[in-house]
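Peer 1: Okay, here's the structure, questions in a sec.
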Amino acid sequence: MRVLSYAWYIYDPYLKPFNQNYTGGGLVVRNLCNYIGKQHESYLFLGQVIQPELMIENIKIIKTDYDITQKNTKGDNKGYITYMTGIFERAVKEIQPDLINFHDYGDLAESIVKNVCAKMKIPYVITCHLYEGKKAEYAENEDVHKVSKRLLELPDIKIITVSNGMKRKILEDYKDYDEKRLVPIRNGTDFTVNRQNGNLKKELGIINKKILLCAGTIGARKNQIQLLRVFGQDACLREKVYVIFCGKMAVHSTYNIIDEIEKANLTDCMLYVGVLQNEEMKDYYSISDALIMSSYAEGLSISALEAIAYGLPVIMYSDSECADDLNDPKVVCLADSHSDASMAKAIHEWYEKSWDSEYIRNYSKHFTMEEMAKNYLEFYKKTISER
């Protein structure tokens, strides 16, 4: 079977310029394509920049640098989209894939679907890695909401949701949507666990406090600012708990997390450590006692899957998409609403509860990359046979 995957970007530590954007979505797409390539022919078209043809482990990166003068700009991208759509069509003719899997539905992906897939009648599916809902509680990037709406308006297309919770959330917004067109395939990770820098806690000056790790892009959707409010109002938490934030600053973020921590006088219990790479994350998982997610919208968080692989419980909202799949009270601690009071209560409950890290590590084995790739391949074969 020949599978052609499309993504705007991935994360790969050895592939410029994709070695700086360490995000869960970019990592999971890269790893999925690699696992597919262990058993079948796996091709990957990257839309963000033009690239030469490359082999990255088991993935053949499609050549797009036929015209090196082409640029992806933040302004009018019509010329770039037309060029890359033509290159995609050229790749399809050369590869003759059995199926195409899109991992986003931005402007370029939409152009390819309309001008290549429809014309050439090749089976394709689209994976929805993030659904932000019709009525988001935050304003950050309106384009994302438009993309979700545009995707769900496509006729007769199967959409892979990366969690059961995402499927639920879509059906809550679109009550007449044919749920058979939404196929949940849960995210997985091949994150290898090993204990790292044992002196890190001492180096950071954290003494006699439990550590909450908050990982993810700093911005409105991830809602880290709520944790500053919660700790600012609760002296008991400030005395007992230390929060470490990591992740890049969102392009559209309206605040700087470092400045906000200082303004709130929380430097004794909070720290922003910047963007961490894969091995660096292991240092921080190793010293943490739990992962906390105050995020308004997730797919199935890769950082949550990595955290439970380390035996760490996860604190999040009860209506989070992740909560449908990470639904064991021995693994997660849920805030029953998005209010600051509910989040504070959940943190206190986590602090007072005794957690079995071995149980959590065993639970994490339900979310392997092998299982995820197997489910994708079974779905591909079913889709191809139906066509």
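The values are calculated or read from the model by the stated rules, or taken from the named source; none is laboratory data. Just so it is clear, the model here is predicted, and its values are computed rather than measured. We place every Cβ from the backbone using ideal geometry, glycine too, and count neighbours over all the protein chains shown. Areas reflect the complete protein model, heavy atoms only, side chains present, ligands, DNA and RNA absent. Shrake-Rupley method; radii C 1.70, N 1.55, O 1.52, S 1.80 Å.
Peer 1: Tell me the residue from A118, A91 that is open to solvent by 40 Å² or more (accessible area, probe 1.4 Å) and of a type outside the set (D, E), please. Break it down stepwise before answering.
Peer 2: Values: A91 fails: open to solvent by 40 Å² or more (accessible area, probe 1.4 Å).
Every option except A118 fails the conditions.
Peer 1: Criterion first (touching a residue at least 60 places away in the same chain (Cβ under 8 Å), open to solvent by less than 50 Å² (accessible area, probe 1.4 Å) and out of contact with any Phe, Trp or Tyr (no Cβ under 8 Å at 6 or more places or on another chain)) does V49 satisfy it?
Peer 2: Spelling it out, it is not the case that V49 is touching a residue at least 60 places away in the same chain (Cβ under 8 Å), open to solvent by less than 50 Å² (accessible area, probe 1.4 Å) and out of contact with any Phe, Trp or Tyr (no Cβ under 8 Å at 6 or more places or on another chain).
Peer 1: Give the range 251-273 a look and list any residue that's part of a loop (DSSP other than H, G, I, E, B) and open to solvent by 10 Å² or more (accessible area, probe 1.4 Å), or say none.
Peer 2: Listed by number, the residues that qualify are V251, H252, S253, T254, Y255, N256, A264, N265, T267, D268, V273.
Peer 1: Ok, one more. Quick one: how many residues across the range 141-175 are over 16 Å from S301 (Cα atoms) and in a loop (DSSP other than H, G, I, E, B)?
Peer 2: Residues flagged as over 16 Å from S301 (Cα atoms) and in a loop (DSSP other than H, G, I, E, B) within the range 141-175 amount to 9.
Peer 1: Out of S339, S354, S288, which single residue is farther than 21 Å from E132 by Cβ and surrounded by fewer than 17 Cβ atoms within 10 Å (Cβ to Cβ)?
Peer 2: Of the residues listed, the single one that is farther than 21 Å from E132 by Cβ and surrounded by fewer than 17 Cβ atoms within 10 Å (Cβ to Cβ) is S354.
Peer 1: What single numbered condition from (1) surrounded by fewer than 18 Cβ atoms within 10 Å (Cβ to Cβ); (2) under 21 Å from K382 (Cα atoms) fails to hold for S5?
Peer 2: (1)
Peer 1: Assess whether T64 counts as being without any contact (Cβ under 8 Å) to a residue 24 or more places away in the chain and within 17 Å of D12 (Cβ to Cβ).
Peer 2: Yes; evaluated as a whole, the condition is true for this residue.
Peer 1: So, in the range 310-321, how many residues would count as being more than 20 Å from S354 (Cβ to Cβ) and surrounded by fewer than 24 Cβ atoms within 10 Å (Cβ to Cβ)?
Peer 2: Step one: of the range 310-321, the residues more than 20 Å from S354 (Cβ to Cβ) are 317-321.
Narrowing the set further to residues that are surrounded by fewer than 24 Cβ atoms within 10 Å (Cβ to Cβ) leaves 317-319.
Qualifying residue count for the region: 3.
Peer 1: Regarding the range 176-191, can at least one residue be identified that is among the basic types (K, R), open to solvent by 10 Å² or more (accessible area, probe 1.4 Å), under 30 Å from E386 (Cα atoms) and outside any loop (DSSP other than H, G, I, E, B)?
Peer 2: Within the range 176-191 (the criterion being among the basic types (K, R), open to solvent by 10 Å² or more (accessible area, probe 1.4 Å), under 30 Å from E386 (Cα atoms) and outside any loop (DSSP other than H, G, I, E, B)), the answer is yes, since at least one residue qualifies.
Peer 1: Which residues, counting only those in the range 74-88, are open to solvent by 70 Å² or more (accessible area, probe 1.4 Å) and under 25 Å from the mean Cα position of the chain (by Cα)?
Peer 2: K74
Peer 1: Could you tell me which of the residues V144, V162 is at pLDDT below 95, of a type outside the set (D, E) and farther than 24 Å from I95 by Cβ? Don't jump to the end; show me each part of the working.
Peer 2: Working: V162 fails: at pLDDT below 95.
Among V144, V162, only V144 is at pLDDT below 95, of a type outside the set (D, E) and farther than 24 Å from I95 by Cβ.
Peer 1: If E378 satisfies all but one of (1) touching a strand residue (DSSP E or B) at 6+ places or on another chain (Cβ under 9 Å); (2) farther than 30 Å from I225 by Cβ; (3) open to solvent by 50 Å² or more (accessible area, probe 1.4 Å), what's the number of the condition it fails?
Peer 2: It is condition (1) that E378 fails.
Peer 1: May I pose another question? Filter the range 256-301 for residues that are β-branched (V, I, T) and farther than 15 Å from L228 by Cβ; which is modelled with the lowest pLDDT?
Peer 2: V275
Peer 1: A further question follows. All but one of (1) over 15 Å from S288 (Cα atoms); (2) in contact with a helix residue (DSSP H, G or I) (Cβ under 6 Å, 6 or more places away or on another chain) hold for S318, so report the exception by its number.
Peer 2: (2)
Peer 1: Out of the residues in the range 19-46 meeting the condition of being more than 15 Å from the chain's Cα centre (by Cα) and aromatic (F, W, Y), tell me which one is surrounded by the fewest Cβ atoms within 10 Å (Cβ to Cβ).
Peer 2: Y43
Peer 1: If the Cβ limit is 7 Å and pairs must be 6+ apart or interchain, which residue in the range 255-284 that is within 15 Å of G205 (Cβ to Cβ) and touching a residue at least 60 places away in the same chain (Cβ under 8 Å) pairs with which residue that is assigned to a loop (DSSP other than H, G, I, E, B) and acidic (D, E)?
Peer 2: none
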